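Structure first, then comments.
The values are calculated or read from the model by the stated rules, or taken from the named source; none is laboratory data. The structure displayed is predicted, hence computed values, not measured ones. All Cβ positions, even for glycine, are placed from backbone atoms using ideal geometry, and neighbour counts span all protein chains on display. The area values use the complete protein model at the heavy-atom level, side chains included, leaving out ligands, DNA and RNA. Shrake-Rupley method; radii C 1.70, N 1.55, O 1.52, S 1.80 Å.
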Amino acid sequence: MIVEIGHFALALALGVAVVQSVVPLWGVARQDRALAGVGQAAALASFLLVCLAFAALTLSYLRSDFSVENVVANSHSTQPLIYKITSVWGNHEGSMLLWVLILTLFGALVALSRRSLPERLRAGTLAAQGMVTVAFLAFTLLTSNPFRRMLPAPAEGQDLNPLLQDLGLAIHPPLLYVGYVGFSITYAFAVAALIDGRIDAVWARAVRPWTLLAWVFLTLGIAMGSYWAYYELGWGGWWFWDPVENASLMPWLAGTALIHSTVVMEKRDALKVWTILLAILTFSLSLLGTFIVRSGVLTSVHSFATDPARGLFILIILVVFVGGSLALFAWRAPLLRQGGIFAPVSREGALVVNNVFIATSCATVFIGTLYPLALEMITGDKISVGPPFFNATFIPLLVPLLLLLPIGQSLAWKRGDLLGAAQRTMLAFAIAIAVTVIVFAIRWGGPVLAPLGVGLGVFLIAGAAFDLGERIMARASGLPAIWARAVGLPRSAWGTALAHAGVGISVIGIAATAWSTEAIGVLRPGDSLTSGRYRVTLESVTPRTGPNFRAEVARFSLASGDRVLLPVEAAKRLYIARNMPTTEAGIRTDGLSQAYVSLGEPQGDGSIAVRLYDKPLVLLIWIGALVMAFGGGLSLTDRRFRLAAPRRRAAVVPQAAAQPAE
Amino acid sequence: MLIWIIFAAMTGAVVFALLWPLNRGPREAFADTADAASLYRAQLGEIDRDVARALIAPAEAEAAKAEAARRLLRAAGDEVGAAGETEASLRRRRASSALALSCVPLLALLVYGAFGSPNAPDLPLSARIEKEPSRQDFAMSLARIEAHLAANPADGRGWSVLAPVYLRQGRFEDAARAFASAIRHGQDGAEMFAGQGEAQILAAGGVVTAAARESLSEAVRRDPRNPRARFFLAIGQEQDGDLPGAAAALRALLQEAPPGAEWTETVRQRLQSLPGTGPGAPGDDPAEAIAKLPSGAQQEAIRGMVDGLAARLRDGGGSAAEWGRLIRSQLVLGDRDAAASSLRTARERLAQDAAALTQINALAAELGLKDATP
């Protein structure tokens, strides 16, 4: 009965969402607050209803209720508890339910944020969010219903895809979905502003926390997904330029641009039209990602759904929401009151440069991802646009952006002083050059680009640090004064610096991959294999039985030079229910580096193929992403009001001290 | 019934929540200007605090204040007309209430009605396992036997019980393996070999393979009267082109049949379907033959055929299409109870085959046999 109650709750939520998308909009159009209030009630009600549905499905998984088709197809009674829970969203139908849950969660949060949102904007936003909810609820109920029953019930389920039976599944999709779906709110804000025809600093201020929140979660989700692929797939790679990865990278890039452009809008009341467009594009790219992943256009771990009817449905959603919002944009954007003009050399000018570069790189990824798909659809030719394309296009766009970043960061609002900014970043640049030269000398004969990459990363970190330092030190003398200024500095300033430093940390980690080494060997117990700094010796190969799999576990002792590290275990597992093998890589973290052991096929004569990678500084890639996300979170906690302070040329204060408060 | 009360309560609560703001909500117009004004006033206050903390120079603060004040003035200029309680607003509220009152229950019932199964109870695994064995559902008992045999693969008796079940479910390869295991572990009676032969034939798509023939011969060697083995051996002869031999074997089988044996009808049909060898029947095609009978006898003959089909399907195998034909025929003959019972058996047998199960369920819905849902 609980299953059916969950199902009915989901069906009720559809009706509520329809009301939510119609009545508040009418209220906005007719200046009727009572109608606008329905939006809040509907948003909260639909969230509670979807919660109920999600809880019912989760309970079915926990109790192994094999009268539910979805549970049969993706669960097994011997699964450990944690995977019974994660199985809920480890499949197409369940993940759609999670998607809708987060969608309504954001709607409910908007409904509850009474203080920080103007009422009209909130009503319009809830209506737009309601429309998105209607579309996805209808999609879930009509084509991907997780509550379909199977009677008589089979005695056992078919188990979850073994590649997904990992802690990563508990973390990666929820984070990613909060990111993806979070951008639906900025989309809803943009649509509301377009319909209402009012857009100003109030709008920018209202949107900023939501954009930041979505961006932080998307950053974490992508980083988590990348680390998961790195340790679970057993190839030692962390980014494959796979279309599914690109599908999450594109909204991230657009969202990054959006964060920066809303700052300009909030502070200078400029870039309005562009910001609205970015907000629409960011969520459109999220939708596109959903379409690519779920339409069956691709096959990968992510593409659980290969039903053409679903693909068509998502395509319709995509066309309606992207096309509809862009049409609305084309119609209403010219009516918006334009913001002020500004000088090219200024903080806002630098942020425009940032936006141009990021948008271009996003377009590059877009072309690299969709061109092969479009070509295959039209001509039937299969071409592969792999890392070479992206290395040749994406990276050359990113490097100048990162080089300009510390300079732009130290420019003042309204009227910047390029020479002064260059001078201020000179010290950071000198440190970066010095580090590059030192690294180059140590690693003489290695890849040329790696030390340059490390130098770039150091430049970013040092630039962020000096920028902070300057704000703290300026006009303050003596430790107590410095301390007071450090504490008094807005948290968003700390957040900005941290996020930019995080980019630098990731860049160093990425550059260091050029030094990673790989060795392949066929080992018998007692044999050794050396790669880079690490040497593994195969100790034993023993069978082991898990709750729902059998494994051959190879135990290696690990040494780096004379240092003996903890032993490492790699395994090949066979999941019984699906008769599907997986590789469990053995990873030993050594400082910021990792030794990575992966098993190949057993050779029959008692030996086994083994790959060993030395991955120097590889952890920095993900640590950088965590720092970025933390910076974003810190900025999110800053609830202060922002306004740009123009600098007076003939100011009485010293030039260097003329930093605006953020 | 309870579930519909719960659904009604849920719907009522949701509609009530939607109507609440329409009745109790504020009557004034939006306070946009107040929102914007409060933002810019807060900004002004923020600038003062920044000056106090020495985060911003007084000169900059002055300029920033000027800008905030400019925006404040502009926001005040955006004043929109106020609206109070009017005839129009009342009408709007009524229309919105009507929308909430109609749209929510209607959509929910429509969608749930199309996809929901209100009568299906929850079936958590633990509850199914704890049920006493006699009341356990078919899939659970099967799983129990399978689990037992996975732990004790040398239990020949267990295999001999499981093998015919697999055969009935249409899992022919599993059945052949199970029969082989039963034989290996001491259950080497003629019936086991005959079953193995049948499973091998069905697994091969109806072709009597050499391996199947070997099993069948073994069965006949142990029990020369085993009807199942002899029947399939005869089919083997038929497939080899030895039609007279096959017909002779089938006739012999019929003659030796004990009175009331269920399988005689199957054998007779097979015999009739052999070209030119019917036992003096008016024609080769049974339908044609029946058409020539007087109407009373016609009904009788049709009933005989349906019973034959029922007997054959009860014995084992049977595709969704065959079950469908049986259920339909039984309904046509007016035997609703038999049809319902066949439906139950079909669902049990085809439990492992989702596609077949949907087919059967669709048929049941079409024929209005939904009341027989387990």
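Quick rundown of the values:
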{"item": "Under 14 Å from A:Lys572, Cα to Cα: aspartates and glutamates that are on another chain or at least 8 residues apart", "result": "A:Glu232, A:Glu552, A:Glu584, A:Glu601"}
{"item": "Kirkwood estimate for the range A:51-149, i.e. one over the average of 1/r between Cα atoms, Å", "result": "14.7"}
{"item": "The range A:411-513 - charge dipole about Cα centre, Lys and Arg +1 at Cβ, Asp and Glu -1, debye rounded to 20", "result": "260"}
{"item": "The range A:1-156 - charge dipole about Cα centre, Lys and Arg +1 at Cβ, Asp and Glu -1, debye rounded to 20", "result": "560"}
{"item": "Residue-normalised accessible area of the range A:530-619, expressed per residue, 1.4 Å probe, Å²", "result": "46"}
{"item": "Cβ charges +1 (Lys, Arg) and -1 (Asp, Glu), total dipole of the protein assembly as shown, debye", "result": "3560"}
{"item": "Isotropic mean projected area of the C-alpha convex hull, the range A:517-615 (nm²)", "result": "6.4"}
{"item": "Measure of compaction for chain A (Cα Rg per 2.2 N^0.38 Å)", "result": "1.03"}
{"item": "Debye log10 I(q)/I(0) for the range B:138-273, one point scatterer per Cα, at q = 0.10, 0.18 Å⁻¹", "result": "-0.34, -0.98"}
{"item": "In the B-A interface, the accessible area buried, summed over both sides, Å² (probe 1.4 Å)", "result": "7000"}
{"item": "Convex hull per residue volume in Å³, alpha carbons only, for the range A:5-51", "result": "44"}
{"item": "Share of carbon and sulfur in the accessible heavy-atom surface of the protein assembly as shown [1.4 Å probe, %]", "result": "64"}
{"item": "Estimated D of the range A:143-292 in µm² per second, where Rh is the Kirkwood radius over Cα pairs and Stokes-Einstein applies at 10 °C, 1.306 mPa s", "result": "93"}
{"item": "Chain A - mean residue ellipticity at 222 nm from DSSP helices (-39,500 (n - 2.57) per run, n ≥ 4, rounded to 500)", "result": "-21000 deg cm²/dmol"}
{"item": "Per principal axis, descending, Cα span of the range A:411-513 in whole Å", "result": "48, 27, 27"}
{"item": "Average beta-carbon neighbours from other chains, 10 Å sphere, peptide B:12-21", "result": "6"}
{"item": "Ranked by how many other beta carbons lie within 10 Å on average, peptides A:525-533, A:249-257 from highest", "result": "A:249-257, A:525-533"}
{"item": "Computed lengthening from A:Ile378 to A:Ala484, 0.36 nm per intervening residue step minus Cα-Cα distance", "result": "31.8 nm"}
{"item": "Cross-link table A:Lys272/A:Lys414; A:Lys84/A:Lys615; A:Lys267/B:Lys65, entries beyond 23 Å C-alpha to C-alpha", "result": "A:Lys84/A:Lys615"}
{"item": "With 5 Å bins from 0: P(r) over the range B:301-374, alpha-carbon pairs, percent", "result": "3, 18, 33, 26, 16, 4, 1"}
{"item": "Cut-off under 5 Å, modelled amide H: who pairs with A:Asp417 long-range", "result": "A:Ala412"}
{"item": "Relative compactness, the range A:122-219, computed as alpha-carbon Rg over 2.2 N^0.38 Å", "result": "1.49"}
{"item": "Fraction in percent of alpha-carbon pairs per bin - 5 Å, the range A:31-86", "result": "4, 18, 20, 14, 10, 8, 8, 7, 6, 5, 1, 0"}
{"item": "Rel. contact order, % - alpha carbon contacts under 8 angstrom, at least six apart, chain A", "result": "12"}
